[in-house]
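Okay, so here's the structure we're looking at.
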Amino acid sequence: MPACLTAVGRQRVLTARMEVFMFGRKKENEVKVLISEHLDKVSKTVEKMTLSIQDYIKNNIDDAKENGYQTHLMEKEADAKRRTIIEKLHKGAFLPVFREDLIKLVAQQDKIADRAESCCDFCLTQRPEIPGKFRKKFEELLHASVETFNPYKEALEQTFASYDIVKDKIKEVNAEEEKADTVEWHITRDIFTSDMPLAQKMHLRDLVFHIVCISDIIEDAADDLDIFMVKYRM
């Protein structure tokens, strides 16, 4: 601060800087709230998708369609939150060094909802036929893939509070994703060593892909969160 400033002048400069600082913090807090709200929408999308696919596996098509429609609505709400977050970041929330990583993180998080919706769409438009002996295996695969979301959600909730918790939860995401991969390997083997026609095998393999891709996207989001945390702690 220039030495030639009077005491009153210095006070005015300090007051102006404080106002800018407080305004910046206000915008940051607004983005933090929006990210939490976006996470909630993504979580609800995954929940509705899980119900829809469970209904489909059990051949409860009407219920699967209703929950699939709810999945679609939740995904749209999540997408709207994502656009609002990006708009806030463009208006100056957070330092420039963090904005790109936050945009990437929110975009990747939004892909979780996108993939959940895509999984419902695949089942309800293509209607893959699941033999009775494979229904329990597909339920196991669905559970393993979706279970990856829980530690990711807990990690994001602690992003601006506890680095250690975030790191631990990211490790849990990776461990859960590996479990999903293992279940995927076994069900793929069982499908292709069965006596089903090849066309049905390929169709069921596509269903396996759509379900397990959810855990892959969640792991990618966790990786983006990890990158952001490294920079944010500097």
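Here are some notes:
- Under the convention that each Lys and Arg Cβ holds +1 and each Asp and Glu Cβ holds -1, the size of the dipole of the chain around its Cα centre is about 1140 debye.
- Taking every alpha-carbon pair under 8 Å whose residues sit at least 6 apart, the range 14-232 reaches a relative contact order of 25 percent.
- Selection among 174, 72, 124 by position relative to the dipole of the range 14-232 gives 72 as farthest towards the positive end (Cβ unit charges, Cα centre).
- Order of 146, 97, 42 - criterion: other Cβ atoms within 10 Å of each residue's Cβ, fewest first: 97, 146, 42
- Distance in nm between pseudo-label sites at residue 178 and residue 205 (7 Å out along the Cβ direction from Cα): 2.6
- Spacing of the two label points (7 Å from each Cα toward its C-beta) at residue 73 and residue 61, in nm: 2.3
- Computed FRET value (nearest 0.05) for residue 198 with residue 167, which takes r as the C-beta separation and R₀ as 30 Å: 0.10
- Whole-Hz Karplus values for the range 116-132 come out as 4, 4, 4, 5, 5, 4, 4, 5, 7, 9, 9, 6, x, 8, 9, x, x Hz, taken residue by residue from phi with 6.51 cos²θ - 1.76 cosθ + 1.60 and θ = phi - 60°; glycine and proline positions read x.
- For the range 120-192, a simple Cβ point-charge model (Lys and Arg +1, Asp and Glu -1, everything else neutral) yields a dipole of about 300 debye relative to the Cα centre.
- Evaluating 6.51 cos²θ - 1.76 cosθ + 1.60 at θ = phi - 60° for every residue in the range 63-70, the Karplus couplings come out as 5, 4, 5, 5, 5, x, 5, 5 Hz, glycine and proline recorded as x.
- Spin-label model distance (nm) - residue 189 vs residue 83, 7 Å beyond Cα toward Cβ: 4.7
- Once the chain from residue 30 to residue 136 is taken as fully extended at 0.36 nm per residue, the excess over their C-alpha distance is 33.8 nm.
- Judged by the mean number of other Cβ atoms found within 10 Å, the most tightly packed of the peptides 176-189, 216-229 leads the ranking 216-229, 176-189.
- At 1.306 mPa s and 10 °C, Stokes D of the chain from Kirkwood alpha-carbon radius, µm² per second: 81
- Applying a threshold of 18 Å to the alpha-carbon distances of 133/179; 32/91; 65/153; 26/88; 111/231 flags 133/179; 65/153; 111/231 as lying beyond it.
FYI, it's all coordinate maths here, none of it is from the lab. Quantities reported herein were computed from a predicted structural model and do not represent experimental measurements. We place every Cβ from the backbone using ideal geometry, glycine too, and count neighbours over all the protein chains shown.
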